[in-house]
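Just so it is clear, none of the values below were taken in a lab; they were calculated from the coordinates. The shown structure was predicted, so the numbers you read here are calculated from the model rather than taken from an experiment. Here Cβ is always computed from backbone atoms with ideal geometry, including for glycine, and neighbour counts include all displayed protein chains.
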Amino acid sequence: NAGVTQTPKFQVLKTGQSMTLQCAQDMNHNSMYWYRQDPGMGLRLIYYSASEGTTDKGEVPNGYNVSRLNKREFSLRLESAAPSQTSVYFCASRGSYSDTGELFFGEGSRLTVL
Amino acid sequence: QQQVKQSPQSLIVQKGGISIINCAYENTAFDYFPWYQQFPGKGPALLIAIRPDVSEKKEGRFTISFNKSAKQFSLHIMDSQPGDSATYFCAAISGRNTGFQKLVFGTGTRLLVSP
């Protein structure tokens, strides 16, 4: 059982380039999330998907787009990368009506924008 | 605006000591309070969580204390070990018993337990 898998683990981009971060989960979870982690800022929600076919903006959505391709996969796209998007990105998932409120996180994707 | 305020930002504790991390919130709609532990190069993982109708929850060396009237909760790590060195995030959840939850994280505390 892989849990939540993110690719790539590392990426360096130049300002203005585009890229897509991929995320897949094998736990049959309905809800999926994208967070970014920056020093002193904690984990901030970028976008989330409550179920297949739906997506919603989180706290810091500007400069990003998402696609919930199917129940397993939730991708995050940077259309025109900026240095302010240098961060570590985490994908997470959660089952419906989880009594513990537990999110399962991937290992992160470290993105540097020059 | 930071919905969950966490302190301190960093903490150094000697092996065997008690580590204490504090969090405060404003939104009374929050109905569940988990703590996540993150080791370098890894994603956060659920450590322990508490409901607001409980004042304390203990799991091994980890204890959450919850003060509903003050809207504060804290994590205590007893007999801290070097293997506890990690970043700890408090969090608050709203809509726990619905089909979708919103989870808000604190800014994190980097704990270093010295041998």
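If you take every residue apart from A:Ser84 with its C-beta less than 11 Å away from the C-beta of A:Ser84, what net charge results, scoring Lys and Arg +1 and Asp and Glu -1?
Values: positive: A:Arg36; negative: A:Asp38.
Summing Lys/Arg as +1 and Asp/Glu as -1 gives 0.
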Handout entry: Size of charge dipole - chain A - debye, nearest 20, with Cβ of Lys, Arg +1 and Asp, Glu -1, no other charges
Key = 300
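Note the full-extension length gain between B:Lys68 and B:Ala29 as 0.36 nm times their separation in residues minus their Cα-Cα distance, in nm to one decimal.
Values: separation 39, 0.36 × 39 = 14.04 nm, distance 1.19 nm.
Using 0.36 nm per residue and subtracting the Cα-Cα distance, I get 12.8 nm.
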Handout entry: Listed residues B:Val113, A:Gly16, A:Gly95: farthest to the positive end of the dipole of the protein assembly as shown (Cβ charges)
Key = A:Gly16
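Roughly what percent of Cα-Cα pairs across chain B reach past 18 Å?
Working: 3066 of 6555 pairs.
It works out to 47 percent of all Cα pairs.
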Practice task
Quote the charge dipole size of chain B about the Cα centre in Debye, to the nearest 20; the model charges only the Cβ of Lys and Arg (+1) and of Asp and Glu (-1).
Solution key: 100
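Explain nothing, just the number: dipole magnitude of the protein assembly as shown about its Cα centre with +1 on each Lys and Arg Cβ and -1 on each Asp and Glu Cβ, in debye rounded to the nearest 20.
On the way: 23 positive and 17 negative charges, 54 e Å.
Charge dipole of the protein assembly as shown: 260 debye, to the nearest 20.
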Fill in the blank from the handout: Once both label points are put 7 Å beyond Cα along the C-beta direction, the B:Gln81-B:Ser10 separation in nm becomes 2.5
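How much net charge surrounds B:Glu26 when only other residues with a Cβ under 12 Å from its Cβ are counted (Lys, Arg +1; Asp, Glu -1)?
Details: positive: B:Lys5, B:Lys71; negative: none.
So the environment of B:Glu26 carries a net charge of +2.
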Practice task
Tell me the GluC sites (Glu not before Pro) within region B:1-61 that lie in a loop according to DSSP and have at most 15 other beta-carbon atoms within 10 Å.
Solution key: B:Glu26
Handout entry: Integer Hz, Karplus 6.51/-1.76/1.60 couplings in order for region B:4-9, x for Gly and Pro
Key = 10, 9, 10, 8, x, 6
Exercise for the section: Evaluate the distance, in nm, between pseudo-label points positioned 7 Å from the Cα of B:Lys58 and of A:Leu69 along their respective Cα→Cβ axes. Expected result: 4.8
Exercise for the section: Rank B:Gly43, B:Gly16, B:Gly83 by mean-square fluctuation in a GNM of chain B with C-alpha springs under 10 angstrom and give only the top-ranked residue. Expected result: B:Gly43
Problem - Rounded Å value of the spacing that divides the Cα centres of region B:56-71 and region A:45-114 - result: 30
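Which of the pairs B:Lys68/B:Lys102; A:Lys71/B:Lys57; A:Lys9/B:Lys68 have their Cα atoms more than 29 Å apart in this structure? Present the calculation step by step, with values, prior to reporting the outcome.
Numbers: B:Lys68/B:Lys102 19 Å; A:Lys71/B:Lys57 34 Å; A:Lys9/B:Lys68 40 Å.
Checking Cα-Cα distances, A:Lys71/B:Lys57; A:Lys9/B:Lys68 exceed 29 Å.
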Exercise for the section: Take the protein assembly as shown, compute every pairwise Cα distance, and split them into 5 Å bins from 0; I just need the percent in each bin. Expected result: 1, 7, 15, 18, 19, 16, 12, 8, 3, 1, 0
Problem - Over chain A: Kirkwood hydrodynamic radius from C-alpha pairwise inverse distances, Å - result: 14.0
